[in-house]
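Please read the structure below before turning to the comments.
Readers should treat all values here as calculations from the given coordinates under stated rules, not as data from a laboratory. Since we're looking at a predicted model, the values are computed, not measured. Glycine also receives a Cβ, built like all others from the backbone with ideal geometry; neighbour counts cover every protein chain displayed.
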Amino acid sequence: MAEPFPLEPSLWAATAPAAAPTPALRESVTADVCIVGAGYAGLSTALHLAERGIKAVVLEAKEPGFGGSGRNGGQVIPGLKFDPDELETMFGKDRGPRLVDFVGHTADVVWDLIDRHKMDVPNTRNGWIQSAISSAAVGPIESRAAQWQKRGAPVQVLDRMETAQHVGHSQYVASWIDRRGGVVQPLAYARGLARAALAAGAAVHGNTPATGLERQGGKWTVHTAQGATVTADRVVLATNGYTGDLWPHLRQTIIAANSFQVATKPLSDNVRKSILPGGQSTSDSRRIGLYYRLDHTGRFLLGGRGTMREPRQAEDWSHIETMMERMFPQLKGAGIDFRWGGRVALTRDHLPHLHEPAPGLLIDIGCMGRGVALQSALGRAMAAYIASGDPLALPLPLGKVSPLPFHGLNKLYFQAFVTWYRFLDRRDAAAA
Ligand SMILES: Cc1cc2nc3c(=O)[nH]c(=O)nc-3n(C[C@H](O)[C@H](O)[C@H](O)COP(=O)(O)OP(=O)(O)OC[C@H]3O[C@@H](n4cnc5c(N)ncnc54)[C@H](O)[C@@H]3O)c2cc1C
């Protein structure tokens, strides 16, 4: 696997509060649970385990928030890609409604954690807007909003004019606003989770890549690059888009696709007020979606699909910058301060996956670009499962680790789909 793009060029690394010390593991230790990966999933699991008096040790190859959790758009989005009715049909009359209830409350988990642990996280909870670029996307958006409304969620459909007032340009046909959502400074939130986990009694070790897993006499031993080990009753793998070869074939169950972002220089008051004046964030209905928002420093940031390889030069972000100026001509000449990217774990069925391929080994992988809320809540659910042993504590069934056939080729197919989808998106937008 190629060395991941570093965290430092990001807006979030430049503006997050300092991280708590998480020194590398130097001596072998024992724990109840060893967690690999210090993103939202791993840290939330550790925090919720520690709150239950279960000793958790987190091993992180780089630093807490190094993965998707420190690089994302900071859009806190409840739900999954599938609508509530679809989820109920897919998961049946017992698990379906429970899953819908779970995903409907994932954003609450984020704000509950921020408030309860008094985290230093710039955040606004004014809603998330999903916008339709073509009339074909309006029906699905209206149906999604109606399904959530039926379940008591604070959501609303916005017509073309209302959408333009909320977003700041008139290129969308309609949208829906989900007031459960909002925005956070994502790296500040990851660092806040790490501090909360440490304060609750978990151990978190940065610069400690896990290099091997071994099971002997009912215990797991996790080996690390420095030679120290963690011996534990259970292991949780929370490595998501940064998954390597710790467990056979796990990496081949996802496509780790790059998402790239840019952030402008701080905008003048006038320009700032002309874009998303209500402080919401937006993702649009494009097949290759764009997502954007302002941040607490008055910068505009926009993200979209990146190249399959790691970025090398500024031109790798030029398609995103072009889209930005096309949507908001007032941003021409605003200047770009930050360009960065990270890996999103995509699954074939567009669902997050939970696995337990061996006794005491729990795996959470595949976030489909919605992990801020989802992984925070899944961490809490995984801690409840570990504490109780009750599989119903998990919102999703434990599935088999099934590698995508011809995984290497899947990346090529994926690139071809991206090109084709971009063409369709341009066609739909032109017809709107
Ligand atoms: C550019 C971008 C924009 C996004 N925008 C949004 C958004 O706006 N809203 C949203 O909800 N979601 C968004 N996402 C998705 C979201 O960021 C992820 O779903 C989420 O952060 C995943 O959290 P995680 O804890 O599962 O994994 P990660 O945060 O990716 O953490 C995995 C960690 O595992 C570590 N690791 C891997 N292997 C090892 C090993 N062998 N030993 C030790 N450590 C290891 C990695 O270093 C990494 O820190 C975005 C993602 C990206 C990349």
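Each residue in His350, His355, His296 was given a count of other beta-carbon atoms within 10 angstrom of its own, and listing them fewest first yields His350, His296, His355. Over the range 343-408, the reciprocal of the mean inverse Cα-Cα separation, the Kirkwood hydrodynamic radius, stands at 12.7 Å.
If you take all other residues with their beta carbon under 14 Å from the beta carbon of Arg312, and give Lys and Arg +1 and Asp and Glu -1, the sum is -2.
The calculated P(r) of the range 310-384, using every Cα pair and 5 Å bins from 0, goes 3, 11, 16, 14, 13, 12, 11, 9, 6, 3, 1, 0 in percent. Report the net charge of residues surrounding Ile275, where surrounding means a beta-carbon distance below 12 angstrom and charges are Lys +1, Arg +1, Asp -1, Glu -1. Here the charged neighbours net out to +2.
Bridging of Lys150 to lysines at a Cα separation below 25 Å is possible for Lys81, Lys93, once same-chain residues fewer than 8 apart are set aside. Eigenvalues of the alpha-carbon gyration tensor of the chain, scaled by 5 and square-rooted, set the equivalent ellipsoid semi-axes at 34, 23, 21 angstrom, largest first.
Global dimensions of the range 228-325 from alpha-carbon coordinates: Rg and Dmax equal 18.6, 57 Å. Partner lysines whose Cα lies under 24 Å from the Cα of Lys273, excluding those fewer than 8 positions away in the same chain, are identified as Lys265, Lys332. A straight Cα-to-Cα reach below 18 Å connects Lys55 with the lysines Lys219, residues fewer than 8 places away in its own chain not being considered. When DSSP beta bridges are restricted to pairs lying wholly in the chain, around 70% turn out antiparallel. Put a plus charge on the Cβ of each Lys and Arg, a minus charge on the Cβ of each Asp and Glu, and nothing anywhere else: the dipole of the chain about its Cα centre is then about 380 debye. With K and R counted +1 and D and E -1, the other residues having a Cβ less than 10 Å from that of Gly360 yield a net charge of +1. Selection among Leu187, Val157, Gly42 by position relative to the dipole of the chain gives Val157 as farthest towards the positive end (Cβ unit charges, Cα centre).
Full extension of the segment from Ser388 to Ser143, taken as 0.36 nm per residue of separation minus the current Cα-Cα distance, would add 84.5 nm.
Between Asp349 and Met323, the modelled labels are 2.8 nm apart [label points 7 Å from Cα along Cα→Cβ]. For the pair the range 222-242 / the range 302-317, the C-alpha centres are spaced 30 Å from each other. Expressed in Å, the radius of gyration and Dmax of the Cα atoms of the range 101-143 are 15.2, 43. Net length available on complete extension from Gln165 to Asp120 is 13.1 nm, with 0.36 nm assigned per residue and the Cα-Cα distance removed. Full extension of the chain segment joining Ala20 with Asp245 gains 78.2 nm, where the gain is 0.36 nm per residue of separation less the Cα-Cα distance. Charging the Cβ of each Asp and Glu at -1 and of each Lys and Arg at +1, and nothing else, the dipole of the range 93-241 about its Cα centre rounds to 280 debye. Counting every other Cβ atom within 10 Å of each residue's Cβ, His407, His166 order from fewest to most as His407, His166. Ranked by the mean number of other Cβ atoms within 10 Å of their residues, highest first, the peptides 378-389, 241-252, 310-321 come out as 378-389, 241-252, 310-321. Which FRET efficiency, nearest 0.05, do Glu214 and Arg309 yield, Cβ-Cβ r, R0 30 Å? It comes out at approximately 0.35. Listing His48, His117 from the residue with the fewest other Cβ atoms within 10 Å to the one with the most, what is the order? By the 10 Å Cβ count, ascending, the order reads His117, His48. For the range 86-240, the C-alpha radius of gyration divided by 2.2 N^0.38 Å, with N the number of residues, is 1.44. As I understand it, the dipole of the chain uses +1 on the Cβ of Lys and Arg and -1 on the Cβ of Asp and Glu, about the Cα centre. Which of His105, Pro311, Ser134 lies farthest toward its positive end? Final value for the positive-end residue is Ser134.
Dividing the summed -39500 (n - 2.57) terms of all DSSP H runs of n ≥ 4 by the residue count of the chain sets its mean residue ellipticity at 222 nm at -10500 deg cm²/dmol.
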